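The next block holds one structure in the form of structure tokens; read it before the comments.
No value in this document is a laboratory result; all are computed from the given coordinates. Please read these numbers as outputs of a predicted model, since none were measured by experiment. Cβ coordinates were reconstructed from backbone atoms using ideal geometry, including for glycine residues, and neighbour counts include every protein chain displayed.
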Amino acid sequence: MSKIVIPDSVLKVSGLGKIYGPITDGAIERTGSQVGTARDHQTGSIVAAWDVNFEVAAGEALGIVGESGSGKSTVLRCIAGDIDSSVGDVRLSTFENGEANLLTLDAATRRKMRIDQLSVVYQDPAEGLSLGVTAGGNIADPLTAAGWRNFEGIRVRARDLLQRTEVPLDRMDDIVRSFSGGMRQRVQIARALANNPRLVLLDEPTTGLDASVAAGVLDLIRGLLEEFELAAIVVSHDFSVIEMLTERCIVMHHGRVVENALTDQLLEDPHHPYSQKLVSAARA
Amino acid sequence: MTMNAVHNGSHLDSIVGEDPGIPFALLDEESKREIRRALLHAVCVPGYQVPFGSREMPVARGWGSGGLQITLAIVGKTDIVKVIDQGDDEGVNAVNLRRLVVTSTGIEESTEVVESTIIQSRHRIPEDEMINSHTLVLQVPVPEPLRGVERDMRELARMHSEADYSRMWVSLYEDKVRNGVITQTTGYPCLVNGRYVVATTPIPRWDIPRLHDSQFLTLFGAGREKRVYAIPPYTLVEPLTFEDVPFEVEQANGAQCRLCSSSESFLVESPGTNGDAGTWTCSDTAWCRARRIK
């Protein structure tokens, strides 16, 4: 596996791991890509992710690909703090000068960090939005959390974000539950950008949308990543999403990273046998 | 065998002993002490909702049992009590609660703020000036200001502990967007001492400015929800509002009290008959009466 050195990385993930169930000696050796399972047959523990290392620079999007259950979303949710990780070290260069391990933050500090440092766009908009609140209100939430107290100021900012994410402004004061799936996803992206985060985590952002809507959302995400110089992680099982949004990606299999490569290179010339299988299946 | 012994009347008498009579202020000393401890905690952390062991009272929960327990826990033999309901000393609930306090303590009652030391109320702060010799006891139906935006108790506790009130702000934002103005009238949410958001339930917005930097101590009691909280004297109380959406109290444009012709007190409207316009009267009856005598 070739080591790619990133100058000025925004995010640095080292030794990230998550095990469900008791951690016993040899559990790591009894699981993984080569063994062909993430489940330790001796204890029943699931090694959902282990020894995950990568860096992401500003303006760069890293893809995580792999089949269902390979640990991609686990990695993303550990970084976001939605689930507690078992081990590892995750640092954001813009948070506490990169001196704080995000994985060991207490819940209150993590919540504060997520206000303006890190946003997540979930596959299901219901997870990232309050469906009973208007589109504008959903953007007002992170803004007021960051201390915005001017009603017109919030309106202007919400309008600007919805315009950028191509949500019709005459829908701004409608509750999100009345929106189509694609438009909900655009509102979720607008909300994620509200406080100019340095890092955006996108978990299957277009899965569940029909092809033409998904293409529009992908275009939008790509434009925004460039415009705001965002660091991003894109989790997807869909190679067309990875190809369109990312320059580099890692391949996960049974909780382990099996390949770390430039996206073009991976798609043209995958090295690991599992990557080859994955790419040929996607290209078939 | 034990059961038989209990059913034997004479034996029961020997267990209970001599009837000690009704204790001063109805509650036993341990109960009063427990409520006072909760109140001390509440005063020390302004706006924080302190749980307490709400007792069964001779009034139903939701009918002022929380305020009543506070009054009974703090009342002393030299106190003078005033109880109002909707600003009215003669409301049925006010009369009953006052009678209970007075008969269980033997203290004096009054309708005059200036004579009183403890003023128990549900919907109003009296119009008259209150000073540091007064304690205002408010009966609270719903002590949780965030109840409208969150139901999960653990999540509510987390939001308060982290001062995470963004969803409260979102609800104010939504209110303004939908209605053009912030419509919440009674129980307007206020930030106390720059830290905790409280429900000022259920006094009208009109009374909110009276809580800020007040000379008097305000104690809130919710019997059904088993919570007390406090706004000590000289405490910062800020109604939550956007910088560019000023907090406004209720206005009845040009209305005057039918009895005392006041336009500077909180007025309530009585509907007119036969399609006539309604008439207005002071909500605070004692204040209105005093004005008429003058």
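Odds and ends about this structure:
- Cross-link reach list, lysines versus A:Lys72, counting only Cα pairs under 26 Å and skipping chain neighbours closer than eight places: A:Lys3, A:Lys12, A:Lys18, A:Lys112, A:Lys277
- Considering only B:Asp152, B:Asp276, B:Asp175, the mean-square fluctuation computed in a Gaussian network model of chain B, springs between alpha carbons under 10 angstrom, is largest for B:Asp276.
- Sequence-distant residues sharing a close amide H with A:Leu62 (under 5 Å, placed H): A:Ala232, A:Ile233, A:Val234
- Evaluated on segment A:118-235, the Kirkwood hydrodynamic radius is 14.0 Å, with distances taken between all distinct Cα atoms.
- In degrees, nearest ten, helix B:29-44 long axis to first principal axis of chain B (Cα): 30
- P(r) tail fraction, segment A:141-182 - alpha-carbon pairs more than 12 Å apart, %: 64
- Here the dipole of the protein assembly as shown is about 540 debye; that uses its Cα centre as origin and unit charges on the Cβ of Lys and Arg (positive) and Asp and Glu (negative).
- Angle between chain B longest axis and helix B:166-179 axis [Cα atoms, degrees, rounded to 10]: 50
- Kirkwood Rh, Cα atoms: Rg over Rh of segment B:199-294: 1.05
- Straight-line cross-link reach from B:Lys226 at under 16 Å between alpha-carbon atoms covers these lysines, not counting any fewer than eight positions away in the same chain: B:Lys32.
- Charge dipole (the protein assembly as shown, unit charges on Cβ, about Cα centre) - positive-most of B:Ser65, A:Thr109, B:Trp280: B:Ser65
- Span-like helix check, chain A: qualifying full DSSP H segments, with Cα axial length of 18 Å or more and mean Kyte-Doolittle of 0.0 or more, are A:211-227.
- Normalised alpha carbon radius of gyration of segment B:156-202 [divisor 2.2 N^0.38 Å]: 1.21
- Whole-number D in µm²/s for segment A:33-183 (Stokes-Einstein; Kirkwood sum over Cα pairs; 25 °C, 0.890 mPa s): 135
- The alpha carbons of chain A stretch over 58, 44, 37 Å along the principal axes, in descending order.
- For the options A:Glu55, A:Glu247, A:Glu152, a Gaussian network treatment of chain A with springs between C-alpha atoms closer than 10 Å singles out A:Glu152 as fluctuating the most.
- What you get for segment A:161-284, charging only the Cβ of Lys and Arg (+1) and of Asp and Glu (-1), is a dipole of about 380 debye around the Cα centre.
- The residue among A:Ile139, A:Ala126, A:Gln185 whose Cα reaches farthest toward the positive pole of the charge dipole of segment A:89-220, with charges on the beta-carbon of Lys, Arg, Asp and Glu, is A:Ile139.
- Max mean-square fluctuation residue, GNM over chain B, Cα-Cα springs under 10 Å, options B:Gly91, B:Gly62, B:Gly254: B:Gly254
- Within the shell of other residues whose beta carbon sits under 12 angstrom from the beta carbon of B:Ser133, the net charge comes to -3, with Lys and Arg scored +1 and Asp and Glu -1.
- Fewest-first sequence of A:Ser73, A:Ser93, A:Ser178 by Cβ atoms within 10 Å of each Cβ: A:Ser178, A:Ser93, A:Ser73
- The coefficient of translational diffusion for the protein assembly as shown, derived via Stokes-Einstein from the alpha carbon Kirkwood radius under 4 °C and 1.567 mPa s, stands at 46 µm²/s.
- MRE, 222 nm, helices only [DSSP H, n ≥ 4, -39500 (n - 2.57), over chain A, to nearest 500]: -10500 deg cm²/dmol
- Here chain A is treated with +1 on each Lys and Arg Cβ and -1 on each Asp and Glu Cβ, and its dipole about the Cα centre works out to around 560 debye.
- Shape index of chain B: Rg/Rh, with Rg the Cα radius of gyration and Rh the Kirkwood radius from the inverse mean 1/r over Cα pairs, equals 1.04.
- Translational diffusion coefficient (Stokes-Einstein; Kirkwood radius from C-alpha pairs) of segment A:227-284 at 37 °C, 0.692 mPa s, in µm²/s: 276
- Under 5 Å, built H, 5+ apart or other chain: amide partners of A:His253: A:Val258
- Ranking of B:Leu40, A:Leu218 by count of other Cβ atoms within 10 Å, fewest first: B:Leu40, A:Leu218
- With contacts taken as Cα pairs under 8 Å and at least 6 residues apart, chain A reaches a relative contact order of 26 percent.
- Computed from backbone phi, the HN-Hα couplings of segment B:67-80 come to x, 4, 5, 5, 4, 5, 6, 9, 5, x, 5, 9, 6, 10 Hz, rounded to whole numbers (Karplus: 6.51 cos²θ - 1.76 cosθ + 1.60, θ = phi - 60°; Gly and Pro given as x).
- Ignoring lysines fewer than eight residues from B:Lys294 along the same chain, the ones with Cα atoms less than 25 angstrom from its Cα are B:Lys82.
- Around the amide H of B:Arg227, modelled in the peptide plane, lie the amide H atoms of B:Phe52, B:Ala222, all under 5 Å away and 5 or more residues distant in sequence or on another chain.
- Electrostatic bookkeeping for A:Tyr274 treats Lys and Arg as +1 and Asp and Glu as -1; over the other residues with beta carbon under 12 Å from its beta carbon, the sum is 0.
- Based on C-alpha pairs under 8 angstrom that are at least 6 apart in sequence, segment B:59-185 has a relative contact order of 22 percent.
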